[in-house]
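Single-structure report; data block below.
Please treat every number below as a calculation from the coordinates, not as lab data. Since the structure is predicted, the reported quantities are computational estimates derived from the model, not experimental observations. Cβ placement follows ideal geometry from the backbone for every residue including glycine, while neighbour counts extend to all protein chains displayed.
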Amino acid sequence: MKAIILSAGRGSRLLPLTENHPKCLLPVGSTTLLGYQLDTLEAGGITETIVVTGFMVGLVENEIAKRNGPMRVTPFFNPFFHVSDNLASCWMVRDHMNVDFLLINGDTLFEAALLHDVLSSPAQPIQVTIDHRPTYDSDDMKVSLDGSRLRAIGKSLPASEVNAESIGFLRFMGQGPGIFRAKLEQMMRTQEGVSAWFLKAIDAIADTTGQVGTLSIEGRRWTEVDTVEDYHSIDEHFRQG
């Protein structure tokens, strides 16, 4: 199993923390957001990780070059990061989506037990990792479910249809990588493709094929770092590594 981490963005909502380095290199304990993700993946048995880079690419490449563990880590530069969103980043690394893989947002931290749950869950073509909360705000990537099957995903879903939220961690197996690559190709040929989130592709696949499942990791530790407040409230569990 390989992993792809989307870390091209600057993280403008984290200014001034990201004035001189990208979001993925914000310190977390003795490492960084990216370092923590890579350490967790390596410890969990992932053998290869592709890191999509963009803002201040040299700093991120230097961080990757310092690693000497058994997991192979390869940076992949998206030169259009400043004018595109993460669907374009996915499209650029589509050739690496040729086997079963994980797709992870660069601002999602997760504990080892959560990774184990994802890797050991029953096979399905596309699986979105979800969590449950009493309420959801406008910035949460909300999901609507039919049992455990994903019916829709997006930030603007009506409150009456929301059952959970996506944590920014997906798994693709079997036919899943091919289904996703085909949708990326189709969407990047449209006027909106460059500015779209990759989860818009997942929403379209769920709507047309019904081949998107979910896995609830309720009770496991994870956090998303979007704002300065998010960063300062990172669980001590992650800061201690």
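Each of Tyr136, Leu115, Met188 was placed along the dipole of segment 96-241 (beta-carbon charges, centred on the mean Cα), and the one lying farthest toward the positive end is Met188.
For segment 2-42, the alpha-carbon radius of gyration amounts to 1.20 times the rule-of-thumb value 2.2 N^0.38 Å expected for a compact globular protein.
Classify segment 88-171: rounded, prolate or oblate, from the alpha-carbon gyration tensor (a ≥ b ≥ c, eigenvalue square roots; a/c under 1.5 rounded; otherwise prolate if a/b is larger than b/c)?
On the way: a/c = 1.67, a/b = 1.46, b/c = 1.15.
Because a/c hits 1.5 or more and a/b exceeds b/c, segment 88-171 counts as prolate.
For segment 114-218, what is the per residue volume of the convex hull drawn over the alpha-carbon atoms, in cubic angstrom? Please report the intermediate quantities before stating the final value.
Details: hull volume 10.7 nm³, N = 105.
Once divided by residue count, the hull of segment 114-218 is 102 Å³.
Taking label points 7 Å from Cα along the Cα-to-Cβ direction, Asp139 and Glu218 give a separation of 2.5 nm. Of the GluC sites (Glu not before Pro) found in segment 159-241, those in coil by DSSP whose Cβ has at most 13 other Cβ atoms within 10 Å are Glu192, Glu218. When you count the other C-beta atoms within 10 angstrom of each residue and take the mean per peptide, 206-215, 68-77 line up highest first as 206-215, 68-77. Within a straight-line Cα-Cα reach of under 20 Å, Lys142 can be paired with the following aspartates and glutamates, leaving aside sequence neighbours fewer than 8 residues apart in one chain: Asp85, Asp107, Asp131, Glu161, Glu165, Asp203, Asp207, Glu218, Glu224, Asp226, Asp230.
Can you pull the Kirkwood radius for segment 21-110, inverse mean 1/r over Cα pairs, to one decimal in Å? Show your work: numbers first, answer last.
Numbers: mean 1/r = 0.0735 Å⁻¹.
13.6 Å is the Kirkwood radius here.
I'd like the per residue volume of the convex hull spanned by the Cα atoms of the chain, given in cubic angstrom. Can you show the working numbers first?
On the way: hull volume 29.3 nm³, N = 241.
It comes to 121 Å³ per residue, whole-number rounded.
Over all distinct alpha-carbon pairs, what is the Kirkwood Rh of segment 149-192 in angstrom? Each step should come with its number before you reach the end.
Working: mean 1/r = 0.0776 Å⁻¹.
Result for segment 149-192, one decimal place: 12.9 Å.
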